[in-house]
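The values are calculated or read from the model by the stated rules, or taken from the named source; none is laboratory data. Not measured: the values here are computed from a predicted model. In this analysis, Cβ positions are derived from the backbone assuming ideal geometry, glycine residues included, and neighbour counts consider all displayed protein chains. Protein only, heavy atoms only, side chains kept; ligands, DNA and RNA dropped before computing areas. Shrake-Rupley method; radii C 1.70, N 1.55, O 1.52, S 1.80 Å.
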Amino acid sequence: MDEKMAKLKEYLQMETEIAFEEFKTYYTGVIEQLNKTYSEMDQAACFQARYICSIVQGNAESRAQRSKVNGKAFKKMAAKCGFWVDAIDHRLKKEGMTQNEIDAAMGEINKDAEQ
């Protein structure tokens, strides 16, 4: 997840939106990595994955509203990322965390991503 997080930070610093194909490639890589490594991920990687999915989800939802050509694809990406956010939340809660603790950890990651 470190590599995906580094790329996301790069995207967040950009002034312009990336093209649909690059967005799709990034999204696909994140989902593939989650499908392969989710069960072995430690808590830190879960937090990174959740943060990445929440950012991609929000971005995809926004783009779905503005894109006639790719709107349907963006909606599917947003839904899949939403699924992963919920799955990660469920896992973290099962491991003993509260939603407030999860939200606080997300706030810390967001601070780091903005730097």
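Scanning the range 78-90 for residues that are crowded, with 16+ Cβ neighbours inside 10 Å and small (Gly, Ala, Ser) yields Ala78, Gly82, Ala87.
Only one entry in Ser54, Ser62, Ser39 is within 19 Å of Ala113 (Cβ to Cβ), free of Cβ contacts under 8 Å to residues at least 40 places away in the same chain and among the polar types (S, T, N, Q), namely Ser62. Among the candidates Lys68, Lys93, the residue that is open to solvent by 30 Å² or more (accessible area, probe 1.4 Å) and part of a helix (DSSP H, G or I) is uniquely Lys93. Of the residues Lys80, Lys4, Lys9, the single one that is touching a Gly at 6+ places or on another chain (Cβ under 7 Å) and touching a residue at least 24 places away in the same chain (Cβ under 8 Å) is Lys4.
Scanning the range 25-65 for residues that are closer than 16 Å to Ile102 by Cα, open to solvent by less than 50 Å² (accessible area, probe 1.4 Å) and not hydrophobic (A, V, I, L, M, F, W, C) yields a count of 4. Between Glu10, Glu22, the distinction of being out of contact with any helix residue (DSSP H, G or I) (no Cβ under 8 Å at 6 or more places or on another chain), at pLDDT below 95 and assigned to a helix (DSSP H, G or I) belongs to Glu10 only.
Note on the range 99-115: among residues that are in contact with a Leu (Cβ under 9 Å, 6 or more places away or on another chain) and open to solvent by 70 Å² or more (accessible area, probe 1.4 Å), the one that is farthest from Ala6 (Cα to Cα) is Glu101. Of the candidates Glu15, Glu22, the single residue that is exposed (fewer than 11 other Cβ atoms within 10 Å of the Cβ) and within 30 Å of Val69 (Cβ to Cβ) is Glu15. Scan the range 35-51 for residues that are among the aliphatic types (A, V, I, L, M), part of a helix (DSSP H, G or I) and farther than 29 Å from Lys68 by Cα and the total you get is 2.
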